[in-house]
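Worksheet for the structure shown next.
The values are calculated or read from the model by the stated rules, or taken from the named source; none is laboratory data. Since this is a predicted model, take the numbers as computed values, not measurements. Don't worry about glycine lacking a Cβ; one is built from the backbone with ideal geometry, like all the others, and counts go over all protein chains shown. Surface accessibility is based on the protein's heavy atoms, side chains included, excluding ligands, DNA and RNA. Shrake-Rupley method; radii C 1.70, N 1.55, O 1.52, S 1.80 Å.
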Amino acid sequence: MLSLWPYFAILGLIALLFLIERRWPDAVTRFEENVLAILLATITLVSFFQVIARYGFSTGWGGALEFNRILFAWLILFGMGYGLKTGLHLGVDAAIRTFPKPLFRVAAIFGAFATLLYAAILLSADWLQIFGAHTSGGAVFYWERFFKVGIGLDDLRYPEWFQEAFGVQERVQRWIAYLMLPVGLALLGFRAIEAMVAIATRRRELVIAGHEAEDLVAENKDVLKD
């Protein structure tokens with residue numbers, strides 16, 4: 001039977017983010033940037049100390065590789081929404097730049113809608129059955145399965161004092177590591193909706209960072225003359 005509570009939790013998270021961002025938009029942006037900076041800094045520090053420990057003292061942390069792999073996944077998944085919000089994703093806009101402005105705006109809105117559709121399908125593909133598609137599963141289903149089973153990660157373990165103090169299992173649960181999968185996709189979908197509204201109201205041009213090719217041509221237009 002399909003559980004609905006993860007979907008309501010995601011909707012509640014998005015609604016809370018929407019309300020907070022309307023009141024403190026700069027604070028939300030700083031928070032997102034700080035999260036990304038902390039993730040990147042932690043990956044760098046763990047890798048650095050792991051190299052020192054391994055080649056300098058012939059020791060090391062057995063869970064370092066898995067820990068960094070999870071943090072890197074979190075960096076990507078959390079950064080997707082931030083990149084869409086700030087227009088950092090690269091894309092090719094040479095073709096749609098030739099369209100008349102009304103058609104260009106329609107194409108830009110379609111690009112944002114395609115991003116929303118991508119996030120929605122990866123979150124849960126069950127809703128596609130309405131259109132006759134034989135699909136099921138998705139990030140929510142995948143995460144909930146690990147949440148119910150409680151399987152631990154391969155190498156990451158709680159410290160012994162933590163196990164004794166809180167009575168938890170030895171290995172860190174997989175659902176904790178995979179939590180960013182549905183959250184990151186939900187944030188991506190939310191930012192795609194924001195982008196659609198911004199493009200429709202002419203407060204934004206595209207969901208991607210355009211003009212890269214145009215800027216390169218402008219910078220190198222005199223190269224052949226030399």
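When the chain is treated as a GNM with alpha-carbon contacts under 10 Å, the residue of Gln50, Gln129, Gln169 showing the greatest mean-square fluctuation is Gln129.
With the whole protein complex present, Arg157 retains an accessible surface near 110 Å², based on a 1.4 Å probe.
Taking only protein heavy atoms and a 1.4 Å probe, the accessible area of segment 101-203 is 66% carbon and sulfur. Working from Cα pairs under 8 Å separated by at least six residues, relative contact order for segment 120-171 is 24 percent. Assuming a ≥ b ≥ c are the square roots of the Cα gyration tensor eigenvalues, decide whether segment 104-153 counts as rounded (a/c under 1.5), prolate (otherwise, with a/b larger than b/c) or oblate. Oblate.
For the set Ser136, Ser58, Ser47, solvent exposure ranked by accessible area (probe 1.4 Å, protein chains only) runs largest to smallest as Ser58, Ser136, Ser47. Largest first and in whole Å, the equivalent-ellipsoid semi-axes of segment 110-214 read 37, 20, 11, each the square root of five times a Cα gyration tensor eigenvalue. Put Lys148, Lys101 in order of accessible area, highest first, and with a 1.4 Å probe you get Lys101, Lys148. Estimated at the nearest 10 Å², the accessible area of Trp5 is 120 Å² with a 1.4 Å probe. Extending 7 Å from Cα along the Cβ direction at Asn68 and again at Ile193 yields two label points whose distance is 3.8 nm. Ordered by solvent-accessible area of protein heavy atoms (1.4 Å probe), largest first, the residues Leu11, Leu36 come out as Leu11, Leu36.
Rounded if a/c is under 1.5, else prolate if a/b beats b/c, else oblate: with a ≥ b ≥ c from the C-alpha gyration tensor eigenvalues square-rooted, which is the chain? Oblate. Residues whose amide H falls under 5 Å from that of Gly152, counting only those 5 or more places apart or on a different chain, are Arg174, with hydrogens built in the peptide plane.
A 1.4 Å probe run over the protein chains yields, for the chain, 66 Å² of accessible area per residue, whole-number rounding.
Around Phe104, under 12 Å between beta carbons, what's the net of Lys plus Arg minus Asp minus Glu among the other residues? Counting the neighbours of Phe104, the net charge comes to +2.
Distance between the C-alpha centers of segment 66-109 and segment 128-173? Whole Å please. Answer, in whole Å: 29.
Counting only heavy atoms of the protein chains and using a 1.4 Å probe, Val183 has close to 40 Å² of accessible surface.
Under 5 Å between amide hydrogens, built in the peptide plane, is the criterion, and for Arg204 it picks out Ile199 among residues at least 5 positions away or on other chains. Once the chain from Arg97 to Ala200 is taken as fully extended at 0.36 nm per residue, the excess over their C-alpha distance is 35.4 nm.
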